[in-house]
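Values quoted throughout were computed directly from the atomic coordinates according to the rules given, and no laboratory measurement underlies them. Model, not experiment: these values are computed from the prediction. All Cβ positions, glycine included, derive from the backbone under ideal geometry; neighbour counts span all protein chains shown.
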Amino acid sequence: MQAGWSPQHIAAVSYGIAAAAFLLLGLLLLRGWRARRHATALLAACALTVLWAAGAARHGASGGALMDALEIAHSGAWALFLLLLLEATRRRLCRWLAVYAAAALLPALAAPWAGASYALAAGLPAMPPAALPAALASQAALAAIAPRLALALCGILLVEQLYRGTPPRQRWGIKFACLGIGAMYAYDFYLYSDALLLRHVTAAIWSARGVVDALAAPLIAVSAARNPAWALGLTVSRQMKLRSAALIGAALYLLAMAASAWYLRAIGGAWGPVMLLDCLCGAAMLLAGVLFSGAVRARVKVFINKNFYQGSYDYRQEWLRLTRALSADGPALAERSIQAVAALVESPAGALWLRRERGVYEPVASWNMAPLPTRENGDAALCRFMQARQWVIDVADCRARPQRYGQLQLPAWLETVPRLWLLVPLMLHGGLAGFIALTRPRAPIALDWEVRDLLKIAASQAASYLAHQESANSLLVARQFESFNRMSAFIVHDVKNLVSQLSLLLQNADRHHASAAFQQDLMDTLAHSVAKMTQLLHKLGRADATAAAQTAQALDLAPLLARAVLARAGSTPQPSLGIDAAGLTVRADAQRLERVLGHLLQNAIEATARDGTVSVRLLREGAAAVIELRDSGEGMSAGFIRERLFQPFDTTKPAGMGIGVFESREYVRELGGRLEVSSAPRVGTTFRVILPLHDGGTAT
């Protein structure tokens, strides 16, 4: 410290800086005063802070009643500003004003009482505070510290509520104001806590207070610039009230325990320090046990809902929580459904029944409860009642007054469920999809119309999620069967083609059985059919589809087309083959590509009259091989090609499967090519199979 600077001078400079900072802030706010919401309250807080800081700079910590009033007024003004930002009601504002008025009067009321108490304790006669010695005046001053400490704590709670209650996207506009005002209240709490413990105000802490408050002024100015309207649309949610109630209760509890510990140390003599530590440790453990108690939290929540809100629930929060619980990962959906519905009434356990085959309701899940193997028939009295009335059944009330429930007799097995409370129906599309049994809550809850309606709506939402899960499982099974049926359809299609070839040979056997050429063609066709069926059986026995990709190899298209045409040499009309570009190779599975070409060729033959023509041509276009299959048959319209030709399981043939052209197009696409078709009714059809050449070259 420099020579000539006393603590009083340092404090005067510190509080003078605070007065100048808030005076400048007030002048800046006056520029747009009328355009700002809550500007009057903010300007009043700045003005009172300027007066208080100027008084503290002149008179120091011992400014008398006037300084006490200014300090409480400036602290209360900032609290009032926070309350306005929190959109507090008129009744709540009046309550806060009453609190601060009482806090302003407490020092004056407490001083004579403290003086008389100290005089009696010292064996002195009671006398006015002015005549008391310095120690007695110190005790009177300490009596004024507790209210100021409480006001600082209330200010911290208001800042916490403002920040937590503001939506995350809007916190940008108020975070610096919360930081500045919160710093002022936090420093006041530190100052008076230290004074209460040490029984005097520390000069250094008091002197630094002015600079700390001055540092808050720029932060408030930043928030005022970012959010001039101060319109945050804030609401104090139930969670905020619950947290604030817990925080206030914990603070009051700790203050009470600290006072008790101080009293024990004062009167305990040699046992004082030991009793002090034991008291503090026991109080901390008791507080932790209370805070971690679900029953205590439930009772506080019920108390807040009953006394601070017209409705018992924050429906937005409850609906969000229910949706998150039903759609989140974790336990099975049935167990999450029980937990979500039970949380609405603080029930600690439950079980779920769902409708299964033949209308029997079976237990599918339980939460914090032993599994119940009992089933309930759909035509039983309980299920028929819930189906017809859609009521939430209070089990105890139903047993005591069955006439209210249409003389409903509950099943005997319900008596085996410990602490059973409610039966909640799960309604879906007007039918009873199941029901949930809940045990008694941690805290007593009045089962009024609001609670019943919320339970029914939540149960219906859970029923929709459960039904969706059942549908998804059924759809998965159906898709597995569909995949199996699709594979079977392809197999049947291949077998049909082989049967058609063999039937054609059988029809011509009576007329050409003596011909050596026919006999040779018959043997070749039989050998080809046996090879195809053997390959088909081999494919059915393969474990996965990767084996099909392993059979792809470089193929010379000319011999493959020759085999496909030769296999249908006995057909009428007989197809012809033209090779414009020999030696073209592609990479493909020989059997699958031959099956694709054979199917397209067979379709062309079947669509063409006996005196028509069917031709196959191989040519090259750039880096692609083109297989052109042309017929003079009936042809197809553009609408048929667009809407039906490539549609699986859609056919015009009496014995067809409708998957041949679809399979052909899909395999050509797998090879990186494309299948083009052009046709006109009574003119004919041309299919063009365009495949990329292997290595861009020809066969050697």
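Structure values in brief
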read-out	value
Chain lengthening between Ala412 and Ala328 when straightened (0.36 nm per residue, less Cα-Cα)	26.7 nm
Table column - 3J(HN,Hα) (Hz), region 428-441, Karplus curve with 6.51, -1.76, 1.60, x for Gly and Pro	8, 6, x, x, 8, 7, x, 7, 10, 9, 10, 8, 5, x
Ordering of 178-187, 603-612 by burial proxy (mean other Cβ atoms within 10 Å per residue, highest first)	178-187, 603-612
Potential lengthening between Asp194 and Val499 on full extension [0.36 nm per residue; Cα-Cα distance subtracted]	99.6 nm
Nearest-20 debye value, region 315-464 charge dipole, Cβ charges on Lys, Arg, Asp, Glu	100
Highest average packing first - 203-216, 565-578, Cβ atoms within 10 Å	203-216, 565-578
Rounded FRET efficiency, nearest 0.05, which uses the C-beta distance separating Trp172 from His429 and R0 of 56 Å	0.75
J(HN,Hα) series, region 354-359, from Karplus relation 6.51 cos²θ - 1.76 cosθ + 1.60, nearest Hz, glycine and proline x	10, 6, 10, 4, 6, x
